[in-house]
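Written below as structure tokens is the structure these notes are about.
Values quoted throughout were computed directly from the atomic coordinates according to the rules given, and no laboratory measurement underlies them. Please read these numbers as outputs of a predicted model, since none were measured by experiment. Cβ atoms come from the backbone with ideal geometry, glycine included; neighbour counts cover every protein chain shown.
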Amino acid sequence: MEIEKEAENILNKFSEALDQIPDSEETRYIVDNLNRTREDVMEKKNPEKILRNARVDKNGSVVAEKGKWTK
């Protein structure tokens, strides 16, 4: 079939391209980014900004939908 011939042609071209890649030693981590950490920095939060889109009842309590997974 023509598809098989095309697939075989593609694989042959790919194999030829791989043959042109020079052999070298295996490298795993080119840069030293392994296990990098950062300091924990506390950011100031603005509760008014966080709650400005929340629905609030007349007592000032946040109104939220009960989770559908609860009974």
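The helix-based estimate of mean residue ellipticity at 222 nm for the chain, built from -39,500 (n - 2.57) per DSSP H run of four or more residues and divided by its residue count, is -10000 deg cm²/dmol to the nearest 500.
Length, then width, then depth: along the principal axes, the Cα atoms of the chain run 75, 44, 25 Å. Magnitude of the charge dipole for the chain, about its Cα centre and with charges confined to Cβ atoms of Lys, Arg (+1) and Asp, Glu (-1), is about 1520 debye. Projecting label points 7 angstrom from Cα along Cα→Cβ for Glu39 and Phe14 puts them 5.0 nm apart.
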